[in-house]
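Worksheet: the structure to be examined is printed underneath.
Where a number appears in this text, it was derived from the coordinates with a stated rule and is not lab data. None of the values given here were measured: they were computed from a predicted structure. All Cβ positions, even for glycine, are placed from backbone atoms using ideal geometry, and neighbour counts span all protein chains on display.
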Amino acid sequence: MTTEAAPPPETLRAPLVVEFPFTRSLGPVQSAFLTGLRERTVLGVRTEAGEVLVPPVEYDPLTAAELRELVEVGVTGTVTTWAWNPEPRTGQPLTTPFAWVLVRLDGADTALLHALDAPGPEAVRTGLRVRIRWAAERSGAITDIACFEPYDSDPVVEPGAHDGRFTDPVTGIVAAARLDYTYSPGRAQTRYLHALAERRTVGERCPSCSKVYVPPRGACPTCGVATTDQVEVGPRGTVTTYCIVNIKAKNLDIEVPYVYAHIALDGAGLALHGRIAGIPYDEVRMGLRVEPVWSEDGRYPDHYRPTGEPDADYDTYKELL
Amino acid sequence: MTPHRPAREVAIVAFAQSDHRRRTDDLSEVEMVMPVLHDVLRQTGLKASDIGFTCSGSSDYLAGRAFSFTMALDGVGAWPPISESHVETDGAWALYEAWVKLLTGEADTALVYSYGKSSPGSVRDVLTRQLDPYYLAPLWPDSVALAALQAQVLVDAGHTDEPALAAIAERSRSDAAANPHAQLPGTRPQGEYVVQPLRTGDCPPIGDGAAAVILAAGDLARELCERPAWIRGMDHRIEAHSLGVRDLTDSPSTRLAAERAGVFERPVDTAELHAPFTSQEVVLTKALGLDASVRINPSGGALAANPVMATGLIRLGEAAARIHRGASDRALAHATSGPCLQQNLVAVLEGDPRA
């Protein structure tokens, strides 16, 4: 069955959450700095030119020289610039409106980014004196500084030497991150998914080379043009190649071993992926004829099972391997 | 530093872009990119198979999917197998890579494209993931917050004030009224503070879009385009990541890239600057020494359309298009990446003298 490309149906949307909790190791300078925060001690590092960098880095940003000379700086400092944030966002240091600040701690030559807890923008200015408010629970992370708060004090100018040694030093951090998306699949895949919900598999034909793509992605990757005509394929197909899965996937309730296969649906120009069931895993073969078994909600094929037809002749699918 | 003179004549011979929109839920990335690719090829009469090198720029963090660019590649027509590369940043850097490829003589034409869909996620939060993971990223300082810290430094230093920033916003969106692709054509109120001192009007729109250019070398460029935009020089430079060690009122990386690209040898008549925030235009015009004789962002710039990952490439494309149609003889194009203008690319484009 061939029809002209239908007007795009209702846009599909689904939540998509990406989480990536990277475990990161620390070098000697970052380890000392973050362990120091846990102990309410702020360390900087001295460059060859004599500047004290806070937060400290392992290598000089100007000369790339390895930096190891640690010094202790004050927990009070001066705001070098600020920006009032009326609507705090997820993950930011405070949940009530606050000022983003760069603070040059007493004894440091560079400024540290953090939040300042203040009643309103009128209470904040460049040059404001502030001090660290420590988090109640500290683990060796930049968030051990809960935020800064306004605090009048005289600057302590000279940083003190520090060997950077602490008991039980922090050697790594887990940097958790989560980003939330709303995914929309676009026109071609929306048409495909709507048809699947009606238990029909609909591919799209390239107007240039006539290949039928299943599932369609909107473009013929060979010709670089939009696929246009919709073509219903299957429901039956042929196993073109397969593998036997022996390792159980996390959160997947399927007994191993099982077979995962490439299946060329009748009329399709390429094979799609699917699981084969209803046959012992060691009897699956190239050329096996299969048909879809729909998921309980009927929205997609859960797996494919043998139809009982004779195997397809190799010549009928050799171009689809 | 003396300018670095390219060893081969290479020009931008065509430029195309999508209409930039707040959302494109009806389109997949390849469905958004493909018409732009067809447009830029049509302008030159080239087919995909005529292109010597293809390079693209995009970010998986915008799409929320790994290797998302491989799907967009479906729109190119990559068979028989093409010579291809991708950068995980703005397409301006893809153009740089393609330019170098042409300078080596390994290719005579290149297709460069880039795209970004900011609508599926929250771009302010997404951009925090490019920050130092030890000291910055755990605080989730969003892109507007970091730009606002820079803006306050400029205000404190007396380099600008809110009325001056509002004037930049107004000029940009007024110019964008003549740009059919702009997301924010025409002036609009500055609105409330997003992060003080930056108001809604000082910030770029959030949206989706794509752009593409074609590069060609020597006589081929003259065959493909009536008035090629010759790349006389191009360079990119980067500064330290930590904001606290930088002078946020200045952009030494932009200036150095401009010197290497040959910007200061003769005046330019046009500058397309990639300044997503009004305050960043203040930094760039000062670093580049641009005076009132230079037409800045006649397209409306990033304040009128900001498809992240394509905005920088669009600056190069808009500057080139202005040369193509005879509205500029020597133009500067700039692209940026990273927080508070951390990394900057500068190119000088010229048209042949007109009879």
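Can you order the peptides B:219-228, A:160-169 by their average number of other Cβ atoms within 10 Å per residue, highest first? If you can, show how the numbers build up before the last one.
Details: B:219-228: 17.6, A:160-169: 12.5.
Ranked by mean Cβ neighbours within 10 Å, highest first: B:219-228, A:160-169.
With contacts defined as alpha carbon pairs under 8 Å and 6 or more residues apart, what's the relative contact order of chain B in percent? If you can, show how the numbers build up before the last one.
Numbers: 847 pairs, mean separation 93.0, N = 355.
Over chain B, the number comes to 26 percent.
Would you mind checking which residues have amide H under 5 Å from A:Y242's amide H? H placed 1.01 Å from N; only 5 or more apart, or other chain.
A:H262
What average count of beta carbons from other chains do you get within 10 Å of the Cβ of residues in B:139-146?
On the way: counts 11, 7, 10, 5, 0, 4, 9, 3.
The mean count of partner-chain Cβ atoms within 10 Å per residue comes to 6.
Less than 11 Å Cβ to Cβ from B:W140, Lys/Arg counted +1 and Asp/Glu -1: what total charge do the surrounding residues give?
Local net charge: +2.
Among rounded, prolate and oblate, which fits segment A:102-155 when a ≥ b ≥ c are the square roots of the eigenvalues of its C-alpha gyration tensor, a/c under 1.5 means rounded, and a/b larger than b/c means prolate? Don't skip to the end; give the middle numbers.
Values: a/c = 1.89, a/b = 1.29, b/c = 1.46.
Oblate, since a/c reaches 1.5 and b/c is not below a/b.
Collect residues whose amide H, placed 1.01 Å from N in the peptide plane, falls under 5 Å from the amide H of B:V194; neighbours closer than 5 in sequence don't count.
B:R199, B:T200
How big is the dipole moment of segment A:5-64 about its Cα centre under a simple scheme where the beta carbon of each Lys and Arg is +1, that of each Asp and Glu is -1, and everything else is neutral? Debye, nearest 20, please.
Details: 5 positive and 7 negative charges, 45 e Å.
Taking the Cα centre of segment A:5-64 as origin, the dipole is about 220 debye.
Go through B:251-260, A:203-212 and give me the packing order, highest mean Cβ count within 10 Å leading. Please list the in-between numbers first.
Working: B:251-260: 22.0, A:203-212: 18.7.
Descending mean neighbour count gives B:251-260, A:203-212.
Using unit Cβ charges (K, R positive; D, E negative) and no other charged atoms, how large, in debye to the nearest 20, is the dipole of segment A:234-321 about its Cα centre? Spell out each step's value before the answer.
Working: 9 positive and 14 negative charges, 53 e Å.
Roughly 260 debye, rounded to the nearest 20.
Once label points are set 7 Å from the Cα along Cα→Cβ at both A:E255 and A:A175, what is their separation, rounded to one decimal in nm?
In this crude spin-label approximation the distance works out to 4.5 nm.
Using DSSP to define loop residues, name the GluC sites (Glu not before Pro) in segment B:50-115 whose beta-carbon has at most 16 other beta-carbon atoms within 10 Å.
The qualifying sites are B:E88, B:E106.
Would you compute, from DSSP H runs of 4+ residues alone, the mean residue ellipticity of chain B at 222 nm, taking -39500 (n - 2.57) per run and dividing by the full residue count, rounded to the nearest 500?
Details: 11 runs with 112 residues, N = 355.
Using -39500 (n - 2.57) per qualifying helix, the result is -9500 deg cm²/dmol.
Averaged across the residues of B:69-76, what count of C-beta atoms belonging to other chains lies within 10 Å of each residue's C-beta?
4
Can you work out ³J(HN,Hα) from phi for every residue in segment B:67-82, in order, using Karplus 6.51 cos²θ - 1.76 cosθ + 1.60 and θ = phi - 60°, giving whole Hz and x for Gly and Pro?
Using θ = phi - 60°, the values come out as 6, 5, 5, 5, 6, 5, 4, 3, x, 7, x, 8, 9, x, x, 9 Hz.
Which whole number gives the average count of other chain Cβ atoms within 10 Å of the Cβ atoms across peptide A:173-183? Let's see the in-between values first.
Numbers: counts 3, 0, 5, 2, 7, 1, 10, 5, 11, 7, 6.
Counting Cβ atoms of other protein chains within 10 Å of each residue's Cβ and averaging gives 5.
Using θ = phi - 60° and the Karplus relation 6.51 cos²θ - 1.76 cosθ + 1.60, list the HN-Hα couplings for segment A:141-155 in order, rounded to whole Hz, with x at every Gly or Pro.
Going residue by residue, I get 8, 4, 7, 5, 7, 5, 4, 9, 9, x, 6, 7, 6, 7, x Hz, with x marking Gly and Pro.
Calculate, for A:T95 and A:R165, the FRET efficiency according to 1/(1 + (r/R0)^6) with r their C-beta to C-beta distance and R0 35 Å; round to the nearest 0.05. Don't skip to the end; give the middle numbers.
Numbers: r = 36 Å, r/R0 = 1.02.
The value I calculate is 0.45.
Assign one of three labels to the protein assembly as shown, namely rounded, prolate or oblate, based on the Cα gyration tensor with a ≥ b ≥ c the square roots of its eigenvalues; rounded applies when a/c is under 1.5, prolate when it is not and a/b is larger than b/c, and oblate otherwise. If you can, show how the numbers build up before the last one.
Details: a/c = 2.13, a/b = 1.35, b/c = 1.58.
Since a/c reaches 1.5 but b/c is at least a/b, the shape of the protein assembly as shown is classed as oblate.
Can you list the residues, at least 5 places off or on another chain, whose amide H is less than 5 Å from the amide H of A:T201, using H built in the peptide plane?
Sorted by chain and number, the residues that satisfy this are A:V233.
Suppose the chain between A:E39 and A:A14 were pulled fully straight at 0.36 nm per residue; how much longer would it get relative to their current alpha carbon spacing? The partial results should precede the final answer.
On the way: separation 25, 0.36 × 25 = 9.00 nm, distance 4.45 nm.
Between A:E39 and A:A14, full extension yields 4.5 nm more.
Determine ³J(HN,Hα), in whole Hz, for all residues of segment A:251-264 in sequence, where each value follows from phi through the Karplus function 6.51 cos²θ - 1.76 cosθ + 1.60 and θ = phi - 60°; x replaces Gly and Pro.
So the Karplus estimates, Gly and Pro as x, are 6, 10, 8, 10, 6, 9, x, 9, 10, 10, 9, 8, 10, 8 Hz.
If you count, for each residue, the other Cβ atoms within 10 Å and average over each peptide, how do B:145-151, A:250-256 line up from highest to lowest?
Details: B:145-151: 27.1, A:250-256: 8.1.
Listed from highest to lowest mean packing, they are B:145-151, A:250-256.
By counting other Cβ atoms within 10 Å of each Cβ, how are B:H181, B:H38 ranked from fewest to most?
Working: B:H181 21, B:H38 17.
Ranking B:H181, B:H38 by Cβ neighbours within 10 Å, fewest first, gives B:H38, B:H181.
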